[in-house]
1. For segment 94-113: of the residues being open to solvent by 40 Å² or more (accessible area, probe 1.4 Å) and under 16 Å from the mean Cα position of the chain (by Cα), which is farthest from Leu44 (Cα to Cα)?
2. Inside segment 29-77, can you point out the residues that are small (Gly, Ala, Ser) and in a helix (DSSP H, G or I)?
3. So, in segment 127-146, how many residues would count as being outside any loop (DSSP other than H, G, I, E, B) and either in contact with a helix residue (DSSP H, G or I) (Cβ under 7 Å, 6 or more places away or on another chain) or among the acidic types (Asp, Glu) (or both)?
4. List the number of the failed condition for Ile261; all other conditions in (1) in contact with a helix residue (DSSP H, G or I) (Cβ under 7 Å, 6 or more places away or on another chain); (2) hydrophobic (A, V, I, L, M, F, W, C); (3) free of Cβ contacts under 8 Å to residues at least 12 places away in the same chain hold.
5. Search segment 114-129 for residues that are on the phi < 0 side of the Ramachandran plot and open to solvent by 10 Å² or more (accessible area, probe 1.4 Å) and pair each with any residue that is outside any strand (DSSP E or B) and at pLDDT below 95 when their beta-carbon atoms are under 7 Å apart and the residues are at least 6 apart or on different chains.
6. Select from segment 130-164 the residues that are hydrophobic (A, V, I, L, M, F, W, C) and open to solvent by 10 Å² or more (accessible area, probe 1.4 Å) and write down the one among them that is nearest to Ala213 (Cα to Cα).
7. Determine which member of the set Asp253, Asp234 is surrounded by fewer than 18 Cβ atoms within 10 Å (Cβ to Cβ) and among the acidic types (Asp, Glu).
8. Being surrounded by fewer than 20 Cβ atoms within 10 Å (Cβ to Cβ) and assigned to a helix (DSSP H, G or I) is the filter here; which residues of segment 10-22 pass it?
Amino acid sequence: MSLLQHSAAELLSKMREGDVKSVDVVRAYAARAESLEREVRVFLHTAWEQAVERAEAVDRRRAAGETLGLLAGLPVTVKDIICTDDMPTTCGSKILETFRPPYNSTVVQRLRDADAIIVGKTNLDEFAMGGSSENSAFETTRNPWDLSRVPGGSSGGAAASIAADFAPLAIGTDTGGSIRQPAAFCGVTGLKPTYGRVSRYGLIAFASSLDQAGPLTRSARDAALLLDAVSGHDPKDSTSADLPATRIATEIDTPLIDLKIGVVREQLGDGVSADVRAATEESLKVFKDLGAK
């Protein structure tokens, strides 16, 4: 079974057990990206060589029995609207084409504290103003499932990086749907966290009262793992909720008995694909069978 076929949680378990090395995981994703990036156009900046070096460092620390972070050795992509001190942050705009932030966003710092390995910055609609990832100043990202279609936006590069198997984890941002919509377009899991749950410090704002950084992954379990790593109170962000960091990954198998799920039926009206409507109804049936209301 290819390393690329494993979820982030599975890869993490294999690395902890000594069955797989982080450097092999990073190299597998790098090879995949190298073979398809010209067609999909996910990245505005890559750091594969640096990622390999960091993976080797994680492997050495793991072999030495050191305590490692929650995401130790896992590759992650970051939407290029989030500040990184060692990579450009362009927001998909020529205005910031040469901008290199002097500091890391809190989200990026928490990824690094968790020993995740950032492999590159992903494309977006310029300053996150768009819903298709066609409005970047640098390139147009394609949907990996069908290159004639868009991946959604504005976090289209992040969603496409998961769908194309360029990384097991990605961070996007969502103001009015910019994680959730591309997640739907690309067939991956996307979550906009509750406002204040994830720090906005270092996130270049589209609408400060709505923006949130959040996970794009292959599964709910992986999304919970990534959210747990980046959430929590941040004194640098005045809108950050003064609450403990989440521990959703440890509770994800909790039964859904009596859980209430809201559905906006108006979103399933005229103009919605019959396949989408059928898939939604099937999902609701599964939730009901699991005990949800």
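The values are calculated or read from the model by the stated rules, or taken from the named source; none is laboratory data. All of these numbers come straight from a predicted model, not from anything done at the bench. Glycine also receives a Cβ, built like all others from the backbone with ideal geometry; neighbour counts cover every protein chain displayed. For accessibility, only protein heavy atoms count, side chains too; no ligands or nucleic acids. Shrake-Rupley method; radii C 1.70, N 1.55, O 1.52, S 1.80 Å.
1. That would be Arg110.
2. Here is the first cut: in segment 29-77, the residues small (Gly, Ala, Ser) are 30-31, 33, 35, 47, 51, 55, 57, 63-65, 69, 72-73.
Of everything in segment 29-77, those that are small (Gly, Ala, Ser) and in a helix (DSSP H, G or I) turn out to be Ala30, Ala31, Ala33, Ser35, Ala51, Ala55, Ala57, Ala63.
3. Residues meeting the conditions: 2.
4. Every condition holds for Ile261 apart from (3).
5. Close Cβ pairs satisfying both conditions: Met129/Phe206.
6. Per the criteria, the residue is Ala163.
7. Asp253
8. Glu10, Ser13, Lys14, Arg16, Glu17
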